[in-house]
1. What residue among 84, 105, 154 has the largest mean-square fluctuation in a Gaussian network model of the chain, using Cα springs under 10 Å?
2. Treat segment 125-174 as a sphere of radius equal to its Kirkwood radius over Cα pairs and apply Stokes-Einstein at 25 °C in a medium of 0.890 mPa s; give the translational diffusion coefficient in µm²/s, rounded to a whole number.
3. What FRET efficiency comes out for residue 44 versus residue 5 if R0 is 25 angstrom and r is the Cβ-Cβ distance? Round to the nearest 0.05.
4. Mean projection of the alpha-carbon convex hull of the chain over all orientations, in nm²?
5. Can you compute the FRET efficiency between residue 64 and residue 20 using 1/(1 + (r/R0)^6), with r the Cβ-Cβ distance and R0 = 41 Å? Round to the nearest 0.05.
6. Which residue fluctuates most in the GNM of the chain (Cα springs below 10 Å): 67, 157, 136?
7. Multiply the residue separation of residue 84 and residue 34 by 0.36 nm, subtract the distance between their alpha-carbon atoms, and state the gained length in nm to one decimal.
8. Given the options 125, 65, 31, state which has the largest fluctuation in a GNM of the chain using a 10 Å cut-off (strictly under) for Cα springs.
């Protein structure tokens, strides 16, 4: 039986010339006939026949298990291929995330730089405002002192009996001497 299967396999898988294939077919037919005769002889013996049936049953079970194993191996290969694709996609997503993170870090650094610059400018503006306010205060103070001095001079003139005009009265009021 093994020899028949081997020859049939050879016939199915090898490229043969017409004559060689014919001889091979004849040999297979001859072997099958001999096999069939021996099979009949063996089946006559009951005990041997029972053992043959058990062997045939075991062979069918083995074939079924073999087919199942092949199917499971194919399924496992498909799942393995899916897993590889998932790893590839994860690598791609990780690379994209790394690029985006690098851009984020750059933007963060740029924002920090501009924020520091803004704080420096704001401090300078506050200093300038203080200086301006101080200057205005000094100018106001000087103007008040001037008005007071002028008001006192007018007041002294008034005390000496000089006549005062409207403008002189306004200056006295501004100096707080009225």
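We did not get these values from a lab; they are worked out from the coordinates using the rules stated. All values derive from a computational prediction rather than experimental measurement. Neighbour counts are summed over all protein chains in view; Cβ atoms, including those assigned to glycine, are modelled from backbone coordinates with ideal geometry.
1. So, out of 84, 105, 154, the one fluctuating most is 154.
2. Numbers: Rh = 12.5 Å.
Translational D for this selection: 196 µm²/s.
3. 0.55
4. Taking the Cα atoms of the chain, their convex hull projects to 28.8 nm² on average.
5. Values: r = 35 Å, r/R0 = 0.85.
The computed FRET efficiency comes out at 0.75.
6. The residue that fluctuates most here is 157.
7. Working: separation 50, 0.36 × 50 = 18.00 nm, distance 5.28 nm.
Between residue 84 and residue 34, full extension yields 12.7 nm more.
8. 31
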